[in-house]
Structures are given as structure tokens and as C-alpha cells.
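Worksheet: one structure, shown below.
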Amino acid sequence: MKEKVKKLILGKSLREKQLRTAYLFIAPCIAYFFLIFIAQIPHILYLSFHAFFGLDFSKYVGLSQFIGILREKLFWTSMWNTLYFSCLSIPSVLGLSLGIALLLHYIKTRIIKDFFKALYFLPTVCSLVAAALIWSWIYEPNIGLLNNLFLKIGLLPQTWLHNPYLVIPSLVIMNVWVRLGLGMIIFVAGLESIPMVYYEAARIDGANRLRQFLHITLPLLNPQIMLVLILETIFTLQIFDLPYVATEGGPANASRTIVLHLYQTAFKWNRPGKASAISLYLFAMILILTVVQWKISRKRVMY
Amino acid sequence: MGKKIRQVLMVFSLVLLIVSYPGGVLAEKVINYWNFVSEYEAAYKDYYTKVFSEEFQKLHPDFRLNAVTIPYEGSDAKYIAAFSARINAPDMFVGKVPYFAGGLGVADPAPADLQRIWGEVMVEKIQDFVKYEGKFYGWPLETDLGMTLFYNVDIFKQAGLDPENPPTTLTELLEYAKKPTKYGPTGVTQAGFALRYSGNPRGIADKWLPFLHAFGGRLYGPQGKKASGYLDAPAAIESLQFYGDLVNKYKVSSVTIGKPMDAFSRGRAAMLYRESWVVGWLDQNAPDINYRVAPLCKQERYPGISLLFTQSNMVYKFSPYKDVVWDWMRFITSKKHDVNIAKILGTLPVFAENFKKMMRGRPDEEAVKVILENPSSPYYEDPFINEIAFRIGEAVLEVLFNKKTAEEALKDAAPDVDALLARKELIK
């Protein structure tokens, strides 16, 4: 190990020089990640065992905050809302972005293909705060665009973000609109990397479009599907901006997500200890889910 | 030669760096003032900055005032982050006294001379709101005597209601609210009475307070130790049930009509409860609205001042310029500036003497007189009132959105509030 590090620092071969350059390029990123994320973990652990009263006084409370959180209704409401949001959002993003990528894949004219790619990708570069504001106006019950459209086509207008039962699905639509582009770009790249010979061979064997999709496209897109699945899982479990701006967690906590709960605990009520304990629960949940997803779907497909 | 020049330049740069770093010889002494109350933004920012630079700087020429308006919704987080880090924390700030003096412990009690002077000159009914454990910590932005009933005269006339005789009891309020309410495909399009149902739950609790007090209820006991037995008492349950029924049973109000102030200023609500600053706000933002102001409605009793908080200017306990900031507070809390600010904003001044003069002829004059003549409702000084109000606001929302009955919501909330009330013992 020591020898390897020494070689990396002082080595003069082309391979060692290339490696050195590569590490130097990623060094700022690693330093940032370490300082902002990893180095905070011991401090978060320390905080989670302490209760804070005012800004100057804290007290060691052992595991009581971890236990107390599990007894809190608001924690479970927030957790349920987050999971509900994720369960609706992840398959929607995955399915729709794959569908759009497939449609784009079949477009042969480059300029049209690029135009649609840009069109679908545009909301991804829009900030979630801006998206939330735009959609709040679209969803407005009395003067909003959507209800006006509903009235024109003879459907009953809805109260969308003001309805405890519709608020999460409404937020999911906003989220899908924003996240669709990223998934679509990943899938388009994946589709373009699949060699055409597989399809030609399948066609000669008499496979129709559906069979080609099920037995060639889907298995070979497995790494991209995994990537989008993990990215979306992490993103939706940490969703904050949309409910914070569009609903502030309302109505009646119906869209209060776990990160919003964590934020309010820390910064509205000045309870950094309790908020740290919540963040550790969230960390554990994301870690477990990601590992499970990775274990289940990591098998490589080779033809 | 080149080396020598480089050395001289390096030494020069180093000296420049040392003298100009914050607190260094060349550093400008800036008093940072944070305010998040958007209604007052321009007046406080512009007026304070002008007075500071034109008048106060003659006494303290080294200092400059940096007035910053921070967005209301993110203000809690910004305050906590700044005060926790003790870096770039405001030297003077706007907030609620019990929370900043007791809950966070960052507000400085007023010096002895101001304790005496403020006690003599400030409108008596609001003094408790800017005190914590008997000491003055802040100077209120205005004399906030809680809410009164604002009603739209034109909507009243169209609905066949007599604007000369507004409702005086909550039962009458309900009857009055039925007539002007209009309905569309999404429900209520013009509310008889607009109530708060969105935003921070603590504001929602605040808006329910006059109803609670009118039914003879209170949030927690007079000793500040227990909510059980008070928040879940029959009076509180009845008042919250009435509040929820306005939306769900009688449908004279709505949880889709928008913010009550917006609805009222656009002529989409006949009545609402709001504070006296709204007089100035309506004059500036909705001059076409023909409105009048009446006292709050009674039921079991007259609700009186039903306020959870009032916003005040406070001084940061650990400010390096604390003495200068208190000097500035002495300067700006004079009778002259009090009148000027009240004129700019259309609010009620803080000096009792100014208050008496400026109250005359205002649309809310009679309603304010009734408030002053009647005893005040309970005042809730708990240092964690933010969190307590948040929990109670959630219970109100559960009823407004028909998720629970008033009894269920308040019986669930009371033990949580008990636990929050117990927290203050730990900071002593």
C-alpha cells in the first residue's frame, strides 16, 4: 500500500503520471465532499446524543432523542408522506423517462431529436423553487390554469395543493416534470450504446418489437435503470424544496416530508440534537434502500 | 532590485490586510439591523437609514447602519444560524421578546434608564408583550392591540346587510357571513368570513385566538405549566368546533379562497379579523376597498387583546457595539420618530401620548376604544411559544381540513403542549 502511494506520488511512468493528473482533477471534489459531508458525521453523532435549550446550553441525553422521535406522530406523518411521494414519483419518472427516451431513439432526423431532447431536459435545469412557484400558479383553485382547462373540457375543478388528499399527487406531477429530463438523457445515452446487431439478429429470428424490448433493450439498459432508480430514490427521499415553497408542508401536514420536518426541527425550533437524530434515521433508511436496490439489480447482462 | 520590490509589496499587502480585516484599524463600524416584517420593510429600512445617517452619525461618526430585510419564511433559520455561529449576527433585530430573550437567550435587557422611561411612555396595554420576566427587552414596531373585525361595506350592502350594525357576537357573525357568501365550481368564490388556513401553523393558531378567548377558553394555565385541562377544556373545544364549522358545516369560509388579506383586498371576502396595521396597508394597497372596522365579536365574553406575539426591536446581547446600539435605541425611540413612523406606515404609535392623538379619526378608532376599555385576554409569555403555537396551529388545521373533530384535535395536542411547557424549566 505504502509502496503504491509512493509510486503514485513520485512515479515517472506514463500510467503513474496519468493517474496523478486524474487524482489531482478529482481532489477538489473529494476535499469538498469530505469537509462538507464526511467530516460532519462525528459532529452529527455528538449532537444527536444532546438536547439543546437556548443557544448556550445542552445536556447529554443518551438515546432518548432517538427513542422519542419514534414515538412522535409528526415524525411518522412526515415519513409516510415522504415514502408515499417516493412510491408515486420514482416509477413515474422511471417509466416516463424511459418511454420518452425510446420514442426519441426511433426519431432518425438529428435536429428534431435534439430539439425534443432539449425540450424535455429544460425543466431539469430549472430550480425546484422556480418550478414550485410556476406550478402553484397552475394549481391555483380559482384562477389557476389547470382548473380553467378542466372547466373547458367539462371536468370538475379540483383544489390540488389545498386538498390533503391531492397534495402529494400534485407535488409528484411537479417533481416528474422537473426530473424527467435527467432520466431521459441517461436512457437515450444507454439506448445509443446498444449495438444494432442484436436487434438485427433478433429480427432474423422473428422477434417482434415487444420481444426485442423485453429481451434486448431492457436487460442491456439495466445499468442505466439502476442509476436512475438510485438517483431518484435518494432525491425523492430528500425532497424539500417543492413542499417548502409550494405548500410549506400543508395542508394540515399532508405534504410535510422528512427533510422539511428535519429543517423545521433544527432551524425553526432550534433543536439541532433532535434534528441530527432524525438525519441519522434518514441516512440509515437511504443507505439500506440503496444497498438493497444495488444487490437486487447489479447482475451484469452479457450477450 | 526586483526581489526588493516584491518584498516591499508583500509587506505593504500584509499591513493593508491586517488593518482592514473586520475590526481592524480601517474597518468601517457597521451596525447590522435585521427586519423580516415585509409590511414595514420600506419604512423601517429607509427611515432608519436616513435618520441614522443624517442625525445619529453626528453623535457616532464612525458608525453606519446597515438595514437588511430578510424574507419572513426563512427568518427563523437565518436568525438561529447567525446567532449560533455568532458571526455576522445582527446587532439589532426584530422579533418576539419571549423567544429571543428566554428561548434563545440572545436579547439584551434594556438598560436601567430605558426600563424606567419605556415603562412611563409606552402604551400600557402592550408593555407585557415586550417584557420577559418583568424586564423590558424590546421596543415594539407599533402599538399592536390584536385583531379587530374588518368588513367590506359594499359587499354588506349588496348582501342586504346593514353596514351600520356589524355583528357583535360570534352567532351573529355566522348569520351575517351566510348572506354574502358566493359559490362556484370549486366551492366558495366570495367568503362571508375569511380565515387563515395556510402558511406557518403558528400564525393559524394566532388567528384562532380571538375565537378561543370569546368562548372563555385559553391555551394553557395561568402558571404556564399545563395545557391539559385548558386547551382540551369544553370552551376551547366549542370554539374550535365553531371555527371549523365556518368552513365545513356552514361553508361561509373556505380553505381555497387564498390568503385572507388578499381575498379581502380583492373584494372576495366580506369580513376578516386583522390587526390595526391593516388600516395603513389597505390605504396603500387597496384604496378602492370600502371598509369599516368594528370590535371583535363576543360570545361568552369579549375577547379583548388576543395576541400571541408582537414584533419588537431588540439588541443582540453579544454585539461588539452593544452600547452604541442602545444609544441608537434611545435615539430612535423618541416621540418624534414614533410619530413619523406611525404616519408612514399608518400604524398606531407606541408612545401613549402620540397614541391618543393619532387614534382619533382612524377607521378603527371605536374598535380600539373597546379594546382599551375591556380587560385583556391571557398573555402567553412562554419562551417556546413559537413551537407551542405551531402545535396548536396544527390542531386548528386538522379541524379546518376536516381530518379530526375539535375534541380529537385538541385532546391530541394538549399533552404535546404540556411537554413543550415543561422545557422552560430546563433552561433555568
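Yes or no: B:ASP416 more than 23 Å from B:LEU246 (Cα to Cα), acidic (Asp, Glu) and at pLDDT 90 or above? In short, yes.
Quick grid of which residues meet (1) of a type outside the set (Ser, Thr, Tyr); (2) within 14 Å of chain A (Cβ to nearest Cβ); (3) part of a helix (DSSP H, G or I):
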position	(1), (2), (3)
B:VAL188	yes, yes, no
B:LEU209	yes, no, yes
B:LYS226	yes, no, no
B:LEU231	yes, no, no
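Quick one: in region B:381-428, which of the residues that are closer than 27 Å to B:VAL130 by Cβ and not in a helix (DSSP H, G or I) is nearest to the other protein chains (Cβ to nearest Cβ)? Ranking the qualifying residues of region B:381-428, first place goes to B:ILE427. Restricting attention to region B:221-275, and to residues there that are touching an Asp or Glu at 6+ places or on another chain (Cβ under 7 Å) and either within 17 Å of A:HIS162 (Cβ to Cβ) or of a type in the set (D, E, K, R) (or both), which single residue is surrounded by the fewest Cβ atoms within 10 Å (Cβ to Cβ)? Result: B:LYS226.
Scan region A:223-241 and give yes if some residue there is touching a residue at least 40 places away in the same chain (Cβ under 8 Å), within 14 Å of chain B (Cβ to nearest Cβ) and under 27 Å from the mean Cα position of the chain (by Cα), otherwise no. Among the residues of region A:223-241, at least one is touching a residue at least 40 places away in the same chain (Cβ under 8 Å), within 14 Å of chain B (Cβ to nearest Cβ) and under 27 Å from the mean Cα position of the chain (by Cα), which makes the answer yes. Checked across region B:347-365, the condition of being assigned to a helix (DSSP H, G or I), touching a strand residue (DSSP E or B) at 6+ places or on another chain (Cβ under 8 Å), more than 10 Å from every other protein chain (Cβ to nearest Cβ) and closer than 28 Å to B:ALA107 by Cβ holds for at least one residue. Scanning region B:42-94 for residues that are free of Cβ contacts under 8 Å to residues at least 40 places away in the same chain and aromatic (Phe, Trp, Tyr) yields one hit, B:TYR72.
In summary, helices (runs of 4 or more DSSP H) completely within region B:259-333 and bearing 3 or more residues that are in contact (Cβ under 8 Å) with a residue 40 or more places away in the chain and either under 16 Å from the mean Cα position of the chain (by Cα) or closer than 23 Å to B:PRO201 by Cα (or both) occur at B:260-265, B:277-285.
Conditions (1) closer than 27 Å to A:LEU280 by Cβ; (2) modelled with pLDDT under 90, marked per residue:
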{"residue": "A:SER86", "(1), (2)": "yes, no"}
{"residue": "A:ALA101", "(1), (2)": "no, no"}
{"residue": "A:ARG110", "(1), (2)": "no, yes"}
{"residue": "A:PHE115", "(1), (2)": "no, no"}
{"residue": "A:TRP135", "(1), (2)": "no, no"}
{"residue": "A:PRO141", "(1), (2)": "no, yes"}
{"residue": "A:GLY154", "(1), (2)": "no, yes"}
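Would you call A:PHE213 among the aromatic types (Phe, Trp, Tyr) and closer than 18 Å to A:ILE286 by Cβ? In short, no.
When restricted to residues that are within 13 Å of B:THR256 (Cα to Cα), surrounded by 16 or more Cβ atoms within 10 Å (Cβ to Cβ) and touching a Phe, Trp or Tyr at 6+ places or on another chain (Cβ under 9 Å), region A:137-158 contains 7.
Looking at B:ARG218, B:ARG202, just one residue is crowded, with 17+ Cβ neighbours inside 10 Å, within 14 Å of chain A (Cβ to nearest Cβ) and of a type in the set (D, E, K, R), and that residue is B:ARG202. If the condition is being within 25 Å of B:LEU348 (Cβ to Cβ) and surrounded by fewer than 19 Cβ atoms within 10 Å (Cβ to Cβ), then region B:71-108 contributes only B:TYR72.
Just one of (1) more than 14 Å from every other protein chain (Cβ to nearest Cβ); (2) in contact with a Phe, Trp or Tyr (Cβ under 9 Å, 6 or more places away or on another chain) fails for B:SER254. It is (1). The condition (being at pLDDT 90 or above and surrounded by fewer than 20 Cβ atoms within 10 Å (Cβ to Cβ)) is satisfied by just one residue among A:PHE187, A:PHE213: A:PHE213.
Scanning region A:39-66 for residues that are within 13 Å of chain B (Cβ to nearest Cβ) and β-branched (Val, Ile, Thr) yields a single hit, A:VAL61.
Out of B:LYS225, B:LYS157, B:LYS182, one residue alone is among the basic types (Lys, Arg), within 30 Å of A:LYS152 (Cβ to Cβ) and not assigned by TED's automatic domain parsing to the domain that holds B:GLY95. It is B:LYS182.
I want to confirm something. Restricting to region A:67-81 and keeping residues that are in contact (Cβ under 8 Å) with a residue 12 or more places away in the chain and within 16 Å of A:ILE239 (Cα to Cα), which single residue is nearest to the other protein chains (Cβ to nearest Cβ)? Before you say what the answer is, go through the steps one by one.
Taking region A:67-81 first, the residues in contact (Cβ under 8 Å) with a residue 12 or more places away in the chain are A:68-69, A:74-75, A:77-79, A:81.
Retained after the next criterion (residues that are within 16 Å of A:ILE239 (Cα to Cα)): A:75, A:77-79, A:81.
Numbers: A:PHE75: 12, A:THR77: 10, A:SER78: 12, A:MET79: 16, A:ASN81: 14 Å.
Taking the candidates together, the pick is A:THR77.
When you look at B:GLY192, is it among the small types (Gly, Ala, Ser), over 17 Å from the mean Cα position of the chain (by Cα), more than 14 Å from chain A (Cβ to nearest Cβ) and in a loop (DSSP other than H, G, I, E, B), yes or no? No, not satisfied. Is it the case that region A:253-262 has a residue that's within 11 Å of another protein chain (Cβ to nearest Cβ) and without any contact (Cβ under 8 Å) to a residue 24 or more places away in the chain? Looking through region A:253-262, none of the residues is within 11 Å of another protein chain (Cβ to nearest Cβ) and without any contact (Cβ under 8 Å) to a residue 24 or more places away in the chain.
Can you tell me which residue within region B:280-295, out of those that are in contact with a Gly (Cβ under 8 Å, 6 or more places away or on another chain) and either of a type in the set (A, V, I, L, M, F, W, C) or on the phi > 0 side of the Ramachandran plot (or both), is modelled with the lowest pLDDT? Within region B:280-295, the match that is modelled with the lowest pLDDT is B:TRP281.
The values are calculated or read from the model by the stated rules, or taken from the named source; none is laboratory data. None of these values were measured; they are calculated from a predicted model. Note: ideal-geometry Cβ built from the backbone for every residue, glycine included; neighbour counts use all protein chains shown.
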